[in-house]
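First comes the structure, then the notes that go with it.
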């Protein structure tokens, strides 16, 4: 079985993001694998262990995204490919989905494609569904558990606001996962050595055999909201009743209620 | 000269950092208060391969180099000293000694399960009445046919109640003209009849670690458990310290970093006289001092690690790294408490634990005073390192993967 994981490199969640003149920068903070994608890698590796699958990991990005791909290799993925092309600068999620779909098809027949539920930088959360649409495959989004997987069908549990759904789908399918799928494993030392030695191929749009996919959404402006001036006041008292009383008085005085 | 860490090193650093941060950091304060090691720590470090990090793959290890060991120790001690202590005794003082001195049969019997993390290992040198004065030890091993009979007590032993194998140094020749030549080293399995062990509580620091005593009363071990030749015990013990001290140096460097990071964070959070305290020059001076000692300590331990990789004798450089880093970590932690003011004095913040934890390493594995004598000895030509019968093997990336 072949499983593909699509990952994205993003600024470290601890980085201080600043916007100056419409340009976003995060200083010299490191770039990392999108934390949600770590869950996608974990989900794929669980299946790799269970059904003896090959797990390929792909990412669209700059040369530096190889670092994120190497992390996935160190965690246990079997192969990694970077898709990089200057023509993809500023591509929207739909154009990325077309690019990813082309790469998935070029990689050969795959039964499953995993995505993290969203990327922490753009927070769109639609690339998985869009990629499934381009491929013409079912999209199982926000999956919290893979119950079973065999040659031609997958059963998953999906988190919804009201509870959990059990879904069954034919393969191939696209699956996006959230935290409930299981804590991502650390890279193993053996994986680290393999990743450090790995030479990751780079595919251009020409290698994928597609024209530059047209983007329909662009970002005319990006801004940082002004920092809100917040003061914190600790309310103390001798008893919970007294503290609650003072809090209620404050809330009424500030006209919060 | 290349000061850059390799990609492999950076991955190792990140992996150990993530483990310590995600899994140990949330519970460490509670363990420290309870004076107990969290039960999951040793099995989890075994499972992740950290307990076999720099042992060749054919001996059950992960086949990384000695610099990786140092980096791991730094990351572990950023979270808590007790984590690094595990590496000091299990890896530095025991497993690396087996790699250096063990016969092939001993490596298969003892090193393989240790590197795989199936057995935990420790080091029994210090006694109730013999610390720096190693040759003054009273523990004995009497040869009887194909066995040795061991008697004596070891004290201040890390993992005393957790370990399966103890590298035990005892006197085999009470008549030796030079008492150093009368010592021998043994691997003692802790489940042999006649062994008792217990934990010591009430330590100033490293309270989340296991420190204790081990007593041997007529404990019989086969001759095959002797490490090295009879009479080589002192040399073996000193070579163990070359490795143990390396892990202590790297760990203390992590403690400096932890003190620095905590101080920087707090200096930006805390306001006094209408501005954050980071704006005050006397606070900046403390921060600058921590930066200075962190960089110096780090360079010193990485040099020692590089020398180990090259197969160069590093007794002097390791001693220097250990002496400097441990003294500097005590100073950094103390200044970190000062930066935190009264809050630093309570366990609401971590810096008081850093200060308590830093003191031990100035005493164990060669007190700072011993290291000063060693450094002066080298400088004054009173001291030379004679080649050893068995040297720690140089790291070879090919051979270590076989």
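Kindly identify the stretch B:314-402 as rounded, prolate or oblate by the Cα gyration tensor criterion: order the square roots of the eigenvalues as a ≥ b ≥ c, call it rounded if a/c is under 1.5, otherwise compare a/b with b/c, prolate if a/b is larger, else oblate. Because a/c hits 1.5 or more and a/b fails to exceed b/c, the stretch B:314-402 counts as oblate.
When only Cα pairs below 8 angstrom with a gap of at least 6 residues are kept, the stretch B:1-96 shows a relative contact order of 30 percent. Please give the Cα centre distance for the stretch A:48-112 versus the stretch A:21-37, rounded to the nearest Å. What the calculation gives is 19 Å, centre to centre.
One quarter of the surface of the convex hull around the alpha-carbon atoms of the stretch B:18-125 equals 6.7 nm², the direction-averaged projected area. Over the stretch B:79-165, the pair-distance histogram of Cα-Cα distances with 5 Å bins from zero comes to 3, 13, 18, 20, 24, 15, 5, 1, 0, 0 percent, rounded to whole numbers.
The relative contact order of chain B, computed from alpha carbon pairs under 8 Å that lie at least 6 residues apart in sequence, is 18 percent. I need the shape label for chain A. Rule: rounded when a/c is under 1.5, else prolate if a/b > b/c, else oblate, with a, b, c from the alpha carbon gyration tensor. It comes out prolate by the Cα gyration axes. Where only DSSP H runs of four or more residues are counted, the protein assembly as shown gives -12000 deg cm²/dmol as its mean residue ellipticity at 222 nm, each run worth -39500 (n - 2.57). Once you reduce the stretch B:176-225 and the stretch B:80-111 to the center of their Cα atoms, the two points are 15 Å from each other.
When Rg and the Kirkwood Rh are both derived from Cα coordinates, the Rg/Rh ratio for the protein assembly as shown amounts to 1.03. When peptides A:206-214, B:344-352, B:248-256, B:180-188 are sorted by average Cβ neighbour count within 10 Å, with the highest value leading, the order is B:248-256, B:180-188, B:344-352, A:206-214. Centroid-to-centroid, using Cα positions, the stretch B:1-79 and the stretch B:319-395 are 20 Å apart. A convex hull fitted around the alpha carbon atoms of chain B yields 138 Å³ per residue. Cβ crowding within 10 Å, taken as a proxy for footprinting-reagent exposure, orders B:371, B:268 from fewest neighbours to most as B:268, B:371.
Run the numbers on chain A and let me know its relative contact order in percent, using alpha-carbon pairs under 8 Å that are six or more apart.
It rounds to 23 percent for chain A.
Given axes a ≥ b ≥ c from the Cα gyration tensor, I'd like to know whether the stretch B:54-117 is rounded (a/c under 1.5), prolate (a/b larger than b/c) or oblate. Prolate. Counting, for every residue in A:183-196, the Cβ atoms of other protein chains within 10 Å of its Cβ and taking the mean gives 6.
Averaging the inverse of every distinct alpha carbon separation and then flipping it gives the Kirkwood radius. What is it for the stretch B:137-227, in angstrom units?
13.7 Å
The DSSP beta bridges internal to the protein assembly as shown are antiparallel in roughly 60% of cases. Take each peptide in A:237-247, B:110-120, count the other Cβ atoms within 10 Å of every residue, and average; sorted highest first, the result is B:110-120, A:237-247.
A Förster radius of 45 Å, combined with the Cβ-Cβ distance separating residue A:166 from residue A:202, puts the computed FRET efficiency at roughly 0.65. Look at B:189, B:398 and count the other Cβ atoms within 10 Å of each Cβ; fewest to most, that gives B:398, B:189. Between 0 and 90 degrees, the angle of helix A:240-253 with respect to the longest Cα principal axis of chain A falls at about 90 degrees. On a per residue basis, the convex hull of the C-alpha atoms belonging to the stretch A:210-251 measures out at 189 Å³. Counting only other chain Cβ atoms within 10 Å of each residue's Cβ, the peptide B:62-68 averages 2. Footprinting exposure proxy ranking of B:213, B:323, A:26, fewest other C-beta atoms within 10 angstrom first, gives A:26, B:213, B:323.
Peptide B:12-18 shows a mean partner chain C-beta count of 4 within 10 Å per residue C-beta.
Every number in this text was worked out from the coordinates using simple rules, so none of it is lab data. No experiment lies behind these values; they were computed from the predicted model shown. Reconstructed Cβ throughout: ideal geometry from the backbone, glycine too, with neighbour counts over all protein chains shown.
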